[in-house]
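What follows is calculated from the coordinates using simple rules that are stated; it is not laboratory data. Worth saying up front: this structure is predicted, and the values here are computed from it rather than measured. No Cβ is skipped: glycine too gets one built from the backbone with ideal geometry, and neighbour counts run over all protein chains shown.
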Amino acid sequence: MKFGGTSVADASRFKDVFNIVLGASRSDKGMPVIVLSAMTGVTNALIDCANTAANGNAAAALEKLETIKQRHYQVVTEIIPDSSQELLISALDVDFNRLSVLLQGIAYLGELSKRSLDAISGCGELLSSKIFSAYAISQEAPAVFLDARTVMITSDDYGKAVPNMKELTAKSKKEITPHLQKGKWVITQGFIGATADGVTTTLGRGGSDYTASLIGAAINADEIQIWTDVDGMMTADPRLIPDARPIATVTFQAASELAYFGAKVLHPLTIKPAVEKNIPVRIINTLNPTSPGTLIVERADNGETVCAIACKKGQTAIFIESAKMLMASGFLAQIFNIFARHETSIDLITTSEVSVSLTVDNTDKLPQIEEELKQLGDVSVMQDLAIIAVVGRNFRAESGIAARIFKALSSINVTMISHGASSINISLVVSNKDVEQAIKLLHAEFFALTAVRS
Ligand code: ADP
Ligand code: ASP
Ligand code: MG
């Protein structure tokens, strides 16, 4: 059971989470592992502290840290019985003192490495889980606190560390399963891990979902539950489309595409461990726990042809045109090689006989890539684009989907279209400024109609 930041936003939410876990532990499904995120906004606030310190402003960084501290201590005062507060505060003080020392060091050096940033940004999860654990124990729940860094061993790619599933599985057998078998809840943190040498790492923003599915797969859980602030995976981002509605069931494949193309409700890597062990993933609302949410499974035969629309802003398109491509072999390989050497992954690609268009998310190495591509042909770059992914099932077998997409978007300039690689996704590239309107038009086309039909 993974609870996101909004699920632990304040004292009363901590109590809600406790009641949800209590209910689950009384069912016949066995004991839960509880994976907690940082309180909402805390990871951003910690990163802000680190950046403030790196700019040499130690006093401002410490002041910001104090605000974070007071927010946590407020929750402690509200939910922890007086007799247990002192013990918990001294445990939290350890983290705040360490943060304070780290921030002062960063300000002194005027330098923030990715490794230091992980040591700071990963603290929010430790704080929220320590509070939740103390609260659960104060309510006489059979709770055990587990520092995720003892099981989640990762690479040293700070900020996007790669977990070692073999190690996690082996360590879970010792640190997690025996507790569950004894009827205990195991409370741990999402997002963080450690290298084999014990240095703190993070799995990337939004990575607590990924932690939950990794642990779920490691212990062969019956279900991986992602508790959040919406009623499941929805037909579009509800912040953009207020009448978006939850999808009852969706396949692993479609959920992965949606997550990859911007459905923030799920970290894009969450599905991978679940697929490997064929464990269902459920997305449920902490604020509405009786709603069924979305069940993500291997096969979901029912449902509409188009299940949801997602979007990812801030994309860059690169166009390579060259007469040399005409009838030549190995040209695409040369292009891919350049991107591979610069460790930049390509999201969408379309080709004609003399041109290649592709999009990338990460532009860190773009100047070098552009320079090398120029050896192959004329290169142009367009920025401030967005990818829209229309995801569903069996597009190849159904006619009319593309027609409906383009009819809906007749007033929008579409820069690129990609379909074919998968029969469940038609992707389009539009300007960032048009993306909201485009999603509204597409949502109205596909989901207003089905509402009328049903
Ligand atoms: P948590 O803190 O629980 O991890 P997130 O903010 O990471 O929550 O993810 C939940 C948010 O994802 C929702 O509030 C919603 O605005 C956004 N979201 C984007 N696309 C979708 C979608 N297709 N379905 C549901 N939520 C979505
Ligand atoms: N707290 C982390 C973040 O904000 C991880 C997560 O919430 O999933 O990115
Ligand atoms: Mg999230």
- [ ] Name the shape class, rounded, prolate or oblate, that the alpha-carbon gyration tensor gives for segment 151-285, where a ≥ b ≥ c are the square roots of its eigenvalues, rounded holds for a/c under 1.5, and otherwise prolate holds if a/b is larger than b/c and oblate otherwise.
- [x] prolate
Open item on the list: Which trypsin sites (Lys or Arg not before Pro) in segment 322-409 sit in a loop by DSSP (not H, G, I, E or B) and have at most 12 other Cβ atoms within 10 Å of their own Cβ?
Closed with: Lys374, Arg396
Open item on the list: Suppose the chain between Ser380 and Glu223 were pulled fully straight at 0.36 nm per residue; how much longer would it get relative to their current alpha carbon spacing?
Closed with: 51.8 nm
Open item on the list: Once each part is reduced to its C-alpha centroid, what is the distance from segment 406-438 to segment 196-224 in angstrom?
Closed with: 34 Å
Task: Relative contact order (%) - the chain, alpha-carbon pairs under 8 angstrom, separation at least six - done: 13 percent
Open item on the list: Just to check I understand the Karplus step: with θ = phi - 60° and J = 6.51 cos²θ - 1.76 cosθ + 1.60, what whole-Hz values come out for segment 240-245, glycine and proline as x?
Closed with: 8, 10, x, 9, 4, 10
Task: Relative contact order %, segment 136-183, counting alpha carbon pairs below 8 Å whose residues are six or more apart - done: 30 percent
Task: segment 52-139: C-alpha gyration tensor shape, a/c 1.5 cut-off, then a/b vs b/c - done: prolate
- [ ] Give the range of the longest stretch in the chain that excludes all GluC sites (Glu not before Pro) found in loop regions by DSSP and having at most 10 other beta-carbon atoms within 10 Å.
- [x] 141-342
TODO: Report the antiparallel proportion of the DSSP beta bridges in the chain as a percent, rounded to a multiple of 5.
DONE: 70 percent
Open item on the list: Can you show me the helix-derived [θ] at 222 nm for the chain, built from DSSP H runs with n ≥ 4 at -39,500 (n - 2.57) apiece and divided by the number of residues, rounded to the nearest 500.
Closed with: -12500 deg cm²/dmol
